[in-house]
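Peer 1: Here's a structure for you.
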Amino acid sequence: MGLFILQETPVGYALLKAKSSKILKQDGFSPEDETAEGICNLLKLKDFQKFDSAATALEQTAALVEGKVTPRLTGLLDSIKDEKKGLLAVADPKLASAINKLPQLSLKLISDNTTSDLYRAIRNHLPSLIPGLLPQDISTMSLGLSHSLSRHKLKFSPDKVDTMIIQAIALLDDLDKELNTYAMRVKEWYGWHFPEMGRILNDNLAYARVILAMGMRTSAANADLAEILPEEIETAVKAAAEISMGTEITTEDLDNIQALAEQVVSFSEYRSQLSGYLSARMAAIAPNLTALVGDLVGARLIAHAGSLMNLAKSPASTIQILGAEKALFRALKTKHDTPKYGLIYHASLIGQATGKNKGKIARMLATKATLGLRVDALADWSQEGEGKGDMITEEEKSALGVDNRLKLERRLASLEGKPLKSKGVAIAPNGVSFTPGKLEVKEARKYNPDADGLAGDEPAAAVPVSKRPSEDKINGVKLIEEVSEEPASKKSKKDKKAKVQAIKPIEEVVQDAMDEDMESSGEEEQESSDEEMEDNEEEPESSSPARAGATESKTNGATKASAKEADEISETISTVSVDTPDSPPSPAQQEINWQSSISGNTKVAKKARKEERHARRLALSEEKSRVKEKKREKLARRLDRKERRQKKAEQIERREERDDEKFGGLAEQAGLTISRYKRKLERGEIMFGPDGKPVAISKKEIKKARKAAEKAATSNGDAGSSKKRKRDDEALEAVGKSEKKKKKHHKVKD
């Protein structure tokens, strides 16, 4: 059985043949075999395929790294296809599995640890095994091939293509922060000179360009701002410059402000160019993801995941909450609801959904985005489409994302029940469309001199006052007066409710609160008498005096207020009278106010006070534990009663169900309810016909039957009473006769 060894070199493919396959079973080579002569005696060169150029070497090596068998390597292995029984040693297991799939080879492949010593010896003495190969040539070609292979991996690696997107979105965020900081500094700095312009212009870029074009506010009339601002805004700026209240600045100050304004303009222009570059890169690398969530959200997702391939490997649930990891782990730790969305929340589709549908749309959008991501990351766009001979167009690349977006829009429209905005409209997460950089004229608030020195309840001239009904006044004095600057349609619901409700005096509020407490306590007493008994046992005896004192203080407060001044109402009313005893202090307050009876500043006195304080704290803690134990027992009893009530209700419900099954049909035949049928059946007011159908006896029939029975009873009673009376008379006569006989007998004896 022959042994063949495949050796890949920077120069080409070498196929070696060993004299015996037993060298794989050896633990190592002997010192004689590790020399060049010993290796040449053990191995002989079978065939050698030399690379034609450096490009060919790079192509073959890149294929070997990916575990692919090239045609050149296949031609080399064809030289041993006639070997039926033999072994082929390959260094890379991935390449060995690919070679094993070749149909023309019938050799057994070996790519385990048994060949490591053999390959180490071959690499050390490779120039001796391949004739005409110098060690200097091997080192030079190895260095050049390694450099070429590194450049090839960096250029064509799918993990490195999206590096530009990650860097661009990070730079875009940094530019936004810096641009906002610079713009705020420009407005604050130039605002000392021309403060009114900040209220007229709300666009940072236009503000900086106006500073560069106008300079000092005194030159505003001669400045040409038509290319920067619309006509109405330009007129407003020039009019405000003539009556500005700002301070004067020097030319040196203006130069520094304009230099900063130039930075703002350059940053804004570069940001626009970077945004266009990012959109183009996203459309080229991830067209389906861009069609679904947009270029900015898609770029942030890729940057957060690290690469497009990592994001494509993630499931839809991970993409849905990507960016909300802190909220997720906090929810898992506190056992609350997990977040529904992360960075994907800023997509336009989720922005168009209402609050109740945002979670559903986020889940569906994450699912579709996952499908589009895997197509973007794993599809080979360089292949020719469907054998037509032409390259795949941009529309074909993003077809999956566009179709899924249309499905999501139709689904969202069905959930919302209304038509959605057209595609491409910029929509904020709150569902409101916006246009960045829009110029609007904002008029400054003007001072109202009519609001000074008002007498009585007069409202300001320029500020509408919401009028109250007559119920808002008590004794001619208005309690609350609200001033609203917004129209009635924009007021909150709380303000509308406050208008409807009439303002009551404080005494009535206190009385209503006490009445509500009494009603709630009465309801609790009706629900559970046991709870009432326990509450009465634990309730302190001073509760009734306190309540009486509260009502007394209420009346006293009202009397004092009416006696003091009829048109005024006391702002604060005490709910506790003077005669009411003070409530006992809490245990914590008792511990703070407690003072030891042991006096003295000696060590013995201090130690005794310390022991006394410790014993007192132990007693307080025991008292607290007893109170807590009583509360727990009370709660357990309440739960037990509640459970018994529930069981009783369940028993009643089961009994009713059984009655429904037993008497339902009969009651329906009799034309009665089940409960009434049962009562009549217990009283014997249900008669069953020959067909078994129940018939209810009415009250009139029952009365007639009762009267007939009474008449029959009276007639029978009269007949029986007459016979009884005759028998009684006969008995009396017999008794009288016997008594007479006895008297006569006594007389004879005498």
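Peer 1: Name every residue in region 680-715 that is surrounded by 10 or more Cβ atoms within 10 Å (Cβ to Cβ), outside any helix (DSSP H, G or I) and in contact with a strand residue (DSSP E or B) (Cβ under 7 Å, 6 or more places away or on another chain), in order of residue number.
Peer 2: Once the filter is applied, which keeps residues that are surrounded by 10 or more Cβ atoms within 10 Å (Cβ to Cβ), outside any helix (DSSP H, G or I) and in contact with a strand residue (DSSP E or B) (Cβ under 7 Å, 6 or more places away or on another chain), region 680-715 yields GLU685, ILE686, MET687, PHE688, PRO694, VAL695, ALA696, ILE697.
Peer 1: Here's something else I'd like to know. Does region 259-275 contain at least one residue that is free of Cβ contacts under 8 Å to residues at least 24 places away in the same chain, within 13 Å of PHE194 (Cα to Cα) and either touching a Cys at 6+ places or on another chain (Cβ under 8 Å) or assigned to a helix (DSSP H, G or I) (or both)?
Peer 2: Looking for residues that are free of Cβ contacts under 8 Å to residues at least 24 places away in the same chain, within 13 Å of PHE194 (Cα to Cα) and either touching a Cys at 6+ places or on another chain (Cβ under 8 Å) or assigned to a helix (DSSP H, G or I) (or both), one finds none in region 259-275, hence no.
Peer 1: Here is a list: MET141, MET184. Which entry is at pLDDT below 90 and touching a helix residue (DSSP H, G or I) at 6+ places or on another chain (Cβ under 9 Å)?
Peer 2: Just one listed residue meets the conditions, MET141.
Peer 1: Does ALA303 meet the test of being of a type in the set (Gly, Ala, Ser) and closer than 27 Å to GLU178 by Cα?
Peer 2: Judged against the criteria, ALA303 is a match.
Peer 1: Mind listing just one residue for me: the one in region 183-240 that is aromatic (Phe, Trp, Tyr) and buried (at least 19 other Cβ atoms within 10 Å of the Cβ) and, of those, farthest from GLU252 (Cα to Cα)? Give the derivation first.
Peer 2: We begin by selecting, within region 183-240, every residue aromatic (Phe, Trp, Tyr); these are 189-190, 192, 194, 207.
Those still in the list that are buried (at least 19 other Cβ atoms within 10 Å of the Cβ) too: 190, 194, 207.
Details: TYR190: 13, PHE194: 16, TYR207: 20 Å.
Checked region 183-240; the qualifying residue farthest from GLU252 (Cα to Cα) is TYR207.
Peer 1: From (1) surrounded by fewer than 16 Cβ atoms within 10 Å (Cβ to Cβ); (2) over 25 Å from ALA36 (Cβ atoms); (3) at pLDDT 80 or above; (4) out of contact with any helix residue (DSSP H, G or I) (no Cβ under 6 Å at 6 or more places or on another chain), pick out the condition that doesn't hold for ARG72.
Peer 2: For ARG72, the failing item is (1).
The values are calculated or read from the model by the stated rules, or taken from the named source; none is laboratory data. From a predicted model like this one, the values you see are computed outputs, not experimental measurements. Virtual Cβ from ideal backbone geometry, glycine too; neighbours counted across all protein chains shown.
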